[in-house]
Amino acid sequence: MRARIAIIGLGPWGLCALERLVTTASLGLFPDLTLELEVVEPGVPGSGVYDLEQPDYLLMNNPCEQIALYPFPDSEYQPPYAVGLDEWVRRENYRWVDGELRRGSEGAAVGPDHYMPRRVMGEYLAWFYRTLVDSAPAGVTIHHHQSTAIDISAGEDGGELVRLASGEALPVDHVIITSGHTANRARIRAEAAPRELDPYPVDRYVDTLPAGASVAVAGLGLVAIDVVTALTSGRGGRFVETGGRLHYVPSGREPSMIYMYSRGGLPFTGKSVTGLDRTDVYQPAIATAGAFAALRRTAGGERPAVNVRARLLPLLFAEMDVRYYAQVAYQKSGLAAAREVRALLAAAWRDGRYAQARAELADHYGAFDVDAAFFGSSLQPSTADQYEGAIRKMLQDDLNAAEVPDGHSPVKCAAEVMRIFRDPIRSVVEDGGLDPDSFCDFNGRIRGRINRLIAGPPALRTRQFLALMDAGLLRIPFGPAPAVTSRPGTGTGTGTGTVQGARISSTKLAEPFSAEVDYVIRGHLELPRLADTASPLLQALRKHGRITELRYGETAVGSVNLTRDSHPIAADGQAQERLWVFGVLTEGVRHFTYYVPSPHSRIRAVEEIGECVTRILDEASTAPAGAALTGA
């Protein structure tokens with residue numbers, strides 16, 4: 001028996017699919033099956049967005065110990081590719097030399113809680129791919145097609161025919177689409193809106209924007225951090241530590257001023273310096289499996305449409321309270337006191353006296369404003385100076401919490417609830433689990449707040465931003481959701497050397513503030529939108545009616561519409577049983593998809609693709625249906 005499978009796109013999600021196929025064949029779960037795997041990837045297989053040529057100042061936002069493409073490090077079966085990023089970096093003799101990561105015997109060792117340059121992550125992923133290919137057992141062939149897929153149509157034998165830009169046509173039985181962060185076509189800008197420069201690749205503006213120009217960065221998250229880092233470190237600036245603080249030493253090539261702003265107005269939060277991912281060991285006190293199950297069903301057994309703010313957030317906020325107050329109690333009085341706090345809040349939640357119990361703990365241990373931590377509701381300045389001062393204080397307070405040893409800051413412990421419960425959250429919000437208003441609210445505001453708490457940069461970036469503010473090079477003065485319009489009299493060309501000036505004006509401050517800049521750089525990534533996609537493959541599939549947009553009521557929300565088992569839904573409502581879609585293309589019908597699949601808090605990606613592989617191989621073989629792909 002034979003199974004022919006194409007994988008479209010070989011970044012981290014595509015690698016995950018290839019790993020499940022190779023590991024399954026190696027385990028002998030389908031002994032009579034021959035696999036022909038067609039990998040379609042125009043770049044270096046494995047690296048995806050982790051370009052091998054990007055500068056080292058662009059860092060990962062997860063420590064290396066939390067990243068491993070082989071998902072079952074404790075299983076009996078350990079193939080040659082069962083190596084996480086932490087171990088691989090040490091095997092490759094990478095060490096820190098004068099703050100740079102280099103191969104050799106000199107310098108300081110890389111620690112498990114260190115953050116690697118993304119370029120090194122790309123090297124690891126490319127190594128993982130090569131090792132997978134070298135480890136493939138007899139009966140498995142892997143062909144790499146260095147091209148892009150431009151269409152998929154029904155084949156003559158009931159399978160699929162994948163057409164490539166190179167002119168090749170690949171007849172296969174199934175297609176796994178993991179094409180990643182596909183670009184959107186540029187939307188028509190309002191006449192008053194300035195043109196924004198794209199954030200990536202950073203050398204577009206690092207090498208071309210004139211020194212001394214003023215720049216605004218539209219965003220306050222991870223992408224915006226990359227932009228600011230490129231305009232400072234990328235232009236030769238240095239951070240020097242004196243007296244326990246960082247100080248910025250300019251190169252003379254920086255902008256005259258860097259302004260930042262965002263719709264929500266809250267700054268990023270940094271990762272704990274030595275924190276641990278406790279997703280697989282934490283025992284909830286209030287947000288239990290039973291509590292989440294209750295959100296997903298009614299008394300009649302039918303799934304209700306959940307209101308996020310009324311039902312889901314109170315559950316999560318209560319668990320944040322538990323983690324905060326238990327950690328404070330532990331630090332003050334020990335483990336018994338922490339257990340007492342957990343039991344007190346759990347019992348109060350069950351008995352309907354939670355607010356009273358929480359108030360008593362606040363009187364004893366000090367108040368924790370969970371709403372302010374999540375929504376920033378305490379941020380209500382009236383002037384630019386007040387707002388900028390509040391932002392600076394938030395960054396400094398967050399840095400202080402991030403630098404508490406072993407991740408033991410009560411605030412950071414509370415924030416980690418959103419990481420620990422990421423999959424339970426998904427079980428409620430996905431697959432039509434929300435009412436329409438809550439779906440829009442979740443995607444428009446709440447999801448971003450969750451990401452702010454758990455998907456931030458290493459704490460080093462917070463120290464650097466404070467140093468840039470101290471140096472007078474970085475300002476964040478506009479308040480939330482400022483108005484951005486083209487500056488009269490500036491050019492309209494498309495090159496980065498052409499001035500694309502803008503005026504940025506506050507809208508939420510009682511005392512107005514505005515500033516003019518020469519350039520605006522977009523400091524965020526747009527999610528793929530199916531209706532506006534620039535991908536030839538997605539355009540073709542949509543034109544043929546083989547994929548459609550997810551709709552909430554009458555509203556199309558951009559995401560590819562899927563069945564629960566990851567098949568796209570065609571225009572006639574039928575599932576495309578031989579097509580499978582994973583990754584950021586599905587953000588909307590799925591959630592939290594833009595990460596590297598790995599153990600612990602990101603294992604669900606492996607499980608979903610594992611189910612896909614099991615279904616495909618079950619169909620093509622005589623093995624018992626439902627053979628589990630656990631790696632054990």
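Some values worked out for this structure:
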read-out	value
For L434, distant residues with modelled amide H under 5 Å away	V306
Cβ charges +1 (Lys, Arg) and -1 (Asp, Glu), total dipole of segment 289-452, debye	380 debye
Sparse-neighbourhood loop sites, trypsin sites (Lys or Arg not before Pro) in segment 173-251 - DSSP loop, at most 16 other Cβ within 10 angstrom	R185, R187, R189
Whole-Hz ³J(HN,Hα) from phi, Karplus 6.51 cos²θ - 1.76 cosθ + 1.60, for segment 269-274, glycine and proline x	10, x, 6, 4, 4, 10
Anchor K543: aspartates and glutamates whose Cα lies under 15 Å away (excluding residues fewer than 8 positions away in-chain)	D151, D532, D572
Antiparallel bridge percentage (DSSP; both residues within the chain; nearest 5)	50 percent
Computed magnitude of the charge dipole of segment 1-107 (debye, nearest 20; Cβ of K, R +1, Cβ of D, E -1)	240 debye
Dipole magnitude (debye, nearest 20) for the chain, charges at Cβ of Lys, Arg, Asp, Glu	1380 debye
Label corresponding to P(r) over Cα pairs in 10 Å bins from 0, in percent when calculated from the structure given, among (1) 3, 16, 25, 24, 16, 10, 4, 1, 0; (2) 3, 15, 24, 27, 21, 9, 2, 0; (3) 3, 13, 16, 14, 13, 11, 9, 7, 5, 3, 3, 2, 1, 0, 0	(2)
Least to most buried among M418, M121 (fewest other Cβ within 10 Å first)	M418, M121
Fewest-first sequence of Y595, Y325, Y387 by Cβ atoms within 10 Å of each Cβ	Y595, Y387, Y325
Sorted by Cβ density within 10 Å, fewest first, the residues I258, I603	I603, I258
Dipole of the chain, positive end: most advanced residue of F239, I5, L509 [Cβ charges, Cα centre]	L509
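A short reminder: the numbers here are calculations on the coordinates, not readings from a lab. Since this is a predicted model, take the numbers as computed values, not measurements. Every residue, glycine among them, receives a Cβ derived from its backbone with ideal geometry; neighbour counts consider all protein chains shown.
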